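Worksheet for the structure shown next.
The values are calculated or read from the model by the stated rules, or taken from the named source; none is laboratory data. Please read these numbers as outputs of a predicted model, since none were measured by experiment. No Cβ is skipped: glycine too gets one built from the backbone with ideal geometry, and neighbour counts run over all protein chains shown.
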Amino acid sequence: MKVLTAPLETQNYCRNRRAEGKQIGLVPTMGFLHEGHLSLVRGARGDNDCVVVSIFVNPTQFGPNEDFQSYPRDLERDCCLLEAEGVDLIFAPTAEEMYPTNSATFVEVAGSITKGLCGASRPNHFRGVTTVVSKLFNVVHPHRAYFGQKDAQQLAVIKRMVSDLNMDIKIVPMPIIREPDGLAMSSRNRYLNPEARRSATVLHRSLQLAKGLIEGGERNAEKVIAAIREMIEQAKLARIDYVEIVDVEGLEPVEEIEGEILIALAVFISEPRLIDNLHIRVPSK
Ligand code: PAF
């Protein structure tokens with residue numbers, strides 16, 4: 001397994017693999033890997049001849065009061081995990097290599113898809129994500145790129161960018177990986193103290209409650225949202241950022257639950273803000 005930090009060297013490595021007729025799969029990450037990331041890597045390993053994993057804590061997607069400085073990092077451990085998964089190349093640039101001082105270009109998906117949900121409380125977050133993902137795509141030129149469904153809005157925004165900009169890359173969505181008690185895996189779970197960790201299961205439990213209501217015939221989005229909020233508000237240390245039911249493509253709020261919908265939530269559990277979602281297909285009447 002190779003570890004490179006320079007974009008140009010990485011570009012040359014990937015160009016040579018493509019010239020050999022190899023299919024390249026890219027797994028973009030911010031490191032501090034867990035089973036969720038490794039499931040993306042295994043997906044990429046199954047579909048491609050060459051697997052590239054990027055590890056870069058991207059400063060442009062963090063707001064001024066967010067956890068960029070304290071975001072967990074452990075490159076040595078990440079390298080061991082990725083070597084065991086048979087990864088071909090780790091691309092781990094520094095911030096200076098990714099954003100030289102004269103860097104002045106951003107890629108932005110406009111409209112409600114980036115303004116609602118997480119975009120409402122993290123105003124420039126998706127602009128940072130689409131900029132860095134475009135740069136990673138330009139460096140690696142993968143045939144396929146793998147993203148987790150836990151970050152459902154990120155996935156929808158990246159699909160939209162790829163389609164709008166005619167990028168010749170297949171975006172492969174991968175299922176949410178959960179702890180045995182249902183908590184979605186996230187690098188930020190490590191911020192939870194034992195009491196907060198117990199409370200954090202309320203995200204998944206409230207989504208299961210919503211699923212049960214919808215399976216029982218409830219179609220009024222407002223009522224389902226109210227039931228979710230009531231359950232979360234009773235959990236210790238929990239403070240809701242948002243609970244919404246939206247259509248899966250444009251992420252616009254729906255009034256009536258039908259077709260393909262996403263129940264998305266963001267909740268502060270003590271300090272950390274956790275997100276989770278449930279994608280449901282409800283037959284139209
Ligand atoms: O999902 C993440 O870890 C990041 O947002 C990504 C896609 C690697 C871009 O920095």
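Give me the residue from the range 135-146 that is of a type in the set (A, V, I, L, M) and within 12 Å of the ligand (Cβ to nearest atom) and, out of that set, nearest to K2 (Cα to Cα).
L136
Find the residue count for the range 166-207, including only residues that are in contact with a Lys or Arg (Cβ under 6 Å, 6 or more places away or on another chain) and closer than 14 Å to H34 by Cα.
Of the residues in the range 166-207, 2 are in contact with a Lys or Arg (Cβ under 6 Å, 6 or more places away or on another chain) and closer than 14 Å to H34 by Cα.
Among the numbered criteria (1) of a type in the set (V, I, T); (2) closer than 22 Å to R45 by Cβ; (3) within 13 Å of the ligand (Cβ to nearest atom), which one does V132 miss?
Of (1) of a type in the set (V, I, T); (2) closer than 22 Å to R45 by Cβ; (3) within 13 Å of the ligand (Cβ to nearest atom), only one is false for V132: (2).
Please tell me if A184 is surrounded by 21 or more Cβ atoms within 10 Å (Cβ to Cβ) and modelled with pLDDT of 95 or more.
So A184 passes the test.
For the range 72-95, enumerate the residues that are within 16 Å of the ligand (Cβ to nearest atom) and of a type outside the set (D, E, K, R).
Selection gives P72, L75, L81, L82, V87, L89, I90, F91, A92, P93, T94, A95.
Determine whether A196 is over 29 Å from R160 (Cα atoms) and touching a Leu at 6+ places or on another chain (Cβ under 9 Å).
Yes: the conditions hold for A196.
Go through the range 177-212 and give me each residue that's within 16 Å of the ligand (Cβ to nearest atom) and farther than 21 Å from V224 by Cβ.
Passing the criteria: I177, M185, S186, S187, R188, N189, R190, Y191.
Exactly one condition in (1) part of a helix (DSSP H, G or I); (2) within 13 Å of the ligand (Cβ to nearest atom); (3) touching a strand residue (DSSP E or B) at 6+ places or on another chain (Cβ under 8 Å) is not met by A120; state its number.
(2)
Keeping to the range 134-166, report how many residues are of a type in the set (V, I, T) and farther than 24 Å from C50 by Cβ.
So the answer is 1.
Can you tell me which residues in the range 220-245 are farther than 14 Å from A266 by Cα and among the β-branched types (V, I, T)?
V224
For the range 50-71, give me the residue count where each residue is under 18 Å from Y13 (Cβ atoms) and either within 16 Å of the ligand (Cβ to nearest atom) or exposed (fewer than 15 other Cβ atoms within 10 Å of the Cβ) (or both).
Total satisfying the criteria: 6.
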